[in-house]
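Report on one structure; see the data block that follows.
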Amino acid sequence: MSHEVFNWQINRKMTYWYPEHRPRRQFAGVFDINKCIACQTCSLACKTTWTSGKGQELMFWNSVETKPWGSYPTGWDVKALSLLGPQKWGADEYVGATVFEAAPKGERVLQYQPEDMDWCNVNLGEDECSGMIEKGAYLKIPHAVWFFYLQRICNHCTYPACLAACPRGAIYKRPEDGVVLIDQKNCNGHRECMKACPYKRIFFNVVTGTSEKCIACYPSLESGKSNRCFETCIGKIRLQGWINTPEKAQEDNPVDFLVHIRKVALPLYPQFGTEPNIYYIPPKQADPVFLRQMFGPGVDKAIATYKNAKDDPELLGLLLLQGSSDRIIERFKVKDGTAIGYTAKGAEIVRVPLKEPLYVRPYKDVALDVFRHNVT
Ligand code: SF4
Ligand code: SF4
């Protein structure tokens, strides 16, 4: 049965299979696409922690794909967007249909079931750019020829399509942190969730005969520690925390600050309607038309704000705190040229200078009686 719920990302009411029921707090993450180097450390950290067992060989709960050509499973977003048809935004809301509203009669979500082969090429299209680099090309922003990396985990959506579609009620959203989990004892492998998730973040284990997904490293989460893919990120692109709805946004909450206050981080394909809780700082070098389809109409302002970070100490400080600790930074402050991260109770976790100090050593080390070639 359909219920009317409010989705702030599309700024309107929409229909969903269950009534609106937000968790006490919602797990969230912000990924800065501009900083990712596609080293895949995150993918391997997740794989070695959670999916190294039998039947999990082709499972990557965290994957990093190259846009525009890369995708895992193959073609997931092109297929999802084509199914949905034209997606129209009005002045301040999405006026097209969501995957719930566009569902065919008798179904709960408009989606497709990937083929087995679609899961076999996790790095398809990696590092392929959008076009040919012609003779005489020069560098400008946005680049004429571009690519960027898109880091993907389950979005632990506020309105999960997977949960709506499960005929056995085996998928649930935890009230204490909003993490979406599959009860393995109740799942009997219908794969309706796999079909329904527009982000294709449900995986099927052929050995156990059940569906599996990212569990947001909930044992770490419960002890205030970052998830594996956040903690190990080489590029320090990831920030983990909690998100409030826009009217309850708190300025000293890092995720709220980036998403609601500066509006520099945006949800992926908000038009799907699931209210995903992983947010992206869009890449400043890529085609804005492509980015508007991917992150919605706020993308141009987000990039302009990001480019201005050097003149915005709070934003700059928070971007520097990203990836600076394996603890979850729940509050932050920028003071006297230093960004400081705190726990929810106000205990200091980490401090980072906004400007790295520069030490100049004399070119001659008198004590050792040697000359230095590199003196900075
Ligand atoms: S570890 Fe960080 S930098 Fe490396 S691919 Fe993953 S998100 Fe990108
Ligand atoms: S991203 Fe997909 S699997 Fe994750 S909660 Fe949303 S609908 Fe479910």
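Apply the Karplus curve 6.51 cos²θ - 1.76 cosθ + 1.60, θ = phi - 60°, to the phi angles in the range 97-105 and return the couplings in whole Hz, x for Gly and Pro.
Calculated HN-Hα couplings, in order: 8, 8, 5, 7, 6, 8, 4, x, 3 Hz.
Sequence-distant or interchain residues sharing an amide H contact under 5 Å with Thr338, placed H: which?
Amide H to amide H, under 5 Å and 5 or more residues apart or across chains, Thr338 pairs with Leu354.
Specify whether the C-alpha gyration tensor of the range 3-281 places it in the rounded, prolate or oblate class, a ≥ b ≥ c being the square roots of the eigenvalues: rounded for a/c under 1.5, otherwise prolate if a/b is larger than b/c and oblate if not.
Cα axes put the range 3-281 in the rounded bin.
In deg cm²/dmol and to the nearest 500, what is the mean residue ellipticity at 222 nm of the chain if only DSSP H runs of at least 4 residues count, each as -39500 (n - 2.57), divided by the residue total?
-4000 deg cm²/dmol
Give, to the nearest whole percent, the P(r) tail of the range 1-116 beyond 18 angstrom, counting all Cα pairs.
69 percent
Mind telling me which of Ser63, Ser223, Ser325 comes out most flexible in a GNM of the chain, alpha-carbon contacts under 10 Å?
Ser223
For the range 294-311, what does the Karplus curve 6.51 cos²θ - 1.76 cosθ + 1.60, with θ = phi - 60°, yield as ³J(HN,Hα) per residue in whole Hz, taken in order and with x for Gly and Pro?
Residue by residue, the range 294-311 yields 7, 10, x, x, x, 5, 5, 5, 4, 5, 4, 5, 4, 5, 8, 4, 4, 9 Hz.
As I understand it, the value is the acute angle between the Cα axis of helix 41-50 and the longest principal axis of the Cα atoms of the chain; what does it come to in degrees, rounded to 10?
Here the helix axis deviates by roughly 50 degrees.
Report, by chain and number, residues whose modeled amide H sits under 5 Å from the one on Val350, excluding near sequence neighbours (fewer than 5 apart, same chain).
So Val350 has HN proximity to Gly341.
Every number in this text was worked out from the coordinates using simple rules, so none of it is lab data. The structure displayed is predicted, hence computed values, not measured ones.
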